[in-house]
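Read the figures in this text as sums done on the coordinates, not as results from a lab. Every value quoted in this text rests on a predicted model; they were computed, and no experiment measured them. Positions of Cβ are generated from backbone atoms using ideal geometry, with glycine treated the same way; all protein chains shown enter the neighbour counts.
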Amino acid sequence: WEEGKAPDVIIELISDSTANTDKTTKKLVYQDQVRVPEYFWYDPFNPEDFAGFRLHNGVYQPLTEDEQGRLISERLGLALVRWQGVYKNNVDTTWLRWATLEGIVLPTAEEIAVQAQEEAAQAQQEATQAQQEAIQAQQEATQAQQEATQAQQEATQAQQEATQAQQQAAQAQQQLAQAQERAEQLAARLRAMGVDPDQV
């Protein structure tokens with residue numbers, strides 16, 4: 001919308017009380033004075049009362065619905081479609097909605113807000129889940145670290161026990177060697193005294 005410039009498209013939602021004015025007086029005003037390129041009217045409570053006009057050589061020419069029952073706005077490159085649902089003032093009826101030529105209905109500001117709110121809630125849930133997973137991963141990492149530390153301590157203890165056992169074995173070996181040496185010395189003394197140690 002530019003100040004001083006007529007709108008490209010006007011849509012009148014008509015009713016029994018305004019239909020005559022919208023279809024005659026207003027139509028002529030939009031055609032002859034404001035010179036709006038495209039004019040549509042629609043009665044939400046009488047979906048068959050749906051018409052569109054395009055300005056051609058200063059005169060509104062009626063538009064024909066396509067095979068899908070839509071009226072096409074060349075100015076906007078969009079289609080006007082009849083859509084069943086809840087819209088203004090929570091009224092459930094057949095409303096007029098803009099759609100792409102491929103048939104995708106354009107969301108209203110309220111629908112965009114609801115969708116944004118749902119996406120924000122979903123993002124919050126995903127963030128919470130990611131945080132919980134991070135906490136769980138941290139706990140698992142801490143537990144793994146504790147288990148690794150315990151395993152290291154057990155390995156160190158086993159190494160110490162093995163070293164101690166090795167020392168004890170070496171000590172026993174040394175004691176055995178000493179006992180054997182004493183036995184040999186005693187046998188030598190006995191032989192020096194003329195005594196056969198094997199006969200003692």
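Quick notes on this one:
- Computed from Cα atoms, the angle from the helix 109-192 axis to the main principal axis of the chain rounds to 10 degrees.
- Comparing mean-square fluctuations of Leu101, Leu71, Leu186 from a GNM of the chain with C-alpha springs under 10 Å, the top value falls on Leu186.
- Exposed-site-free run, longest, the chain (rule: chymotrypsin sites (Phe, Trp or Tyr not before Pro); DSSP loop; at most 16 other C-beta within 10 Å): 46-200
- Span from the segment 35-74 Cα centroid across to the segment 89-111 one, whole angstrom: 17 Å
- Among the listed values [x] 109, 15, 14; [y] 27, 20, 16; [z] 53, 37, 21, the one matching semi-axes √(5λ) of the Cα gyration tensor in Å as calculated from this structure is [x].
- Added length on full extension, which subtracts the Cα-Cα distance from 0.36 nm per residue, Ala19 to Gln33: 3.1 nm
- Extension reserve of the Gln84-Gln152 stretch, reckoned as 0.36 nm per residue once the Cα distance is removed: 17.4 nm
- Calculated FRET efficiency for the pair Asp8/Ala127, C-beta based, R₀ 41 Å, to 0.05: 0.45
- Taking a ≥ b ≥ c as the square roots of the Cα gyration tensor eigenvalues, segment 9-106 comes out oblate, since a/c reaches at least 1.5 and a/b does not exceed b/c.
- With the simple spin-label model, which puts each label point 7 Å out from Cα in the Cβ direction, the Ala116 to Glu140 separation comes to 3.8 nm.
- Point-to-point label distance, Met193-Val105, nm (Cα→Cβ direction, 7 Å offset): 12.3 nm
- Net charge of neighbours whose Cβ lies under 13 Å from the Cβ of Gln84, counting Lys and Arg as +1 and Asp and Glu as -1: +1
- Applying both filters, DSSP loop and at most 15 other Cβ atoms within 10 Å, to the trypsin sites (Lys or Arg not before Pro) of segment 1-109 gives Lys5, Arg35, Arg75.
- Local electrostatic count at Ala51 - Lys and Arg +1, Asp and Glu -1, tallied over other residues with Cβ under 12 Å: -4
- Seen from Gln125, the other residues with C-beta closer than 12 Å to its C-beta sum to a net charge of -3, counting Lys and Arg as +1 and Asp and Glu as -1.
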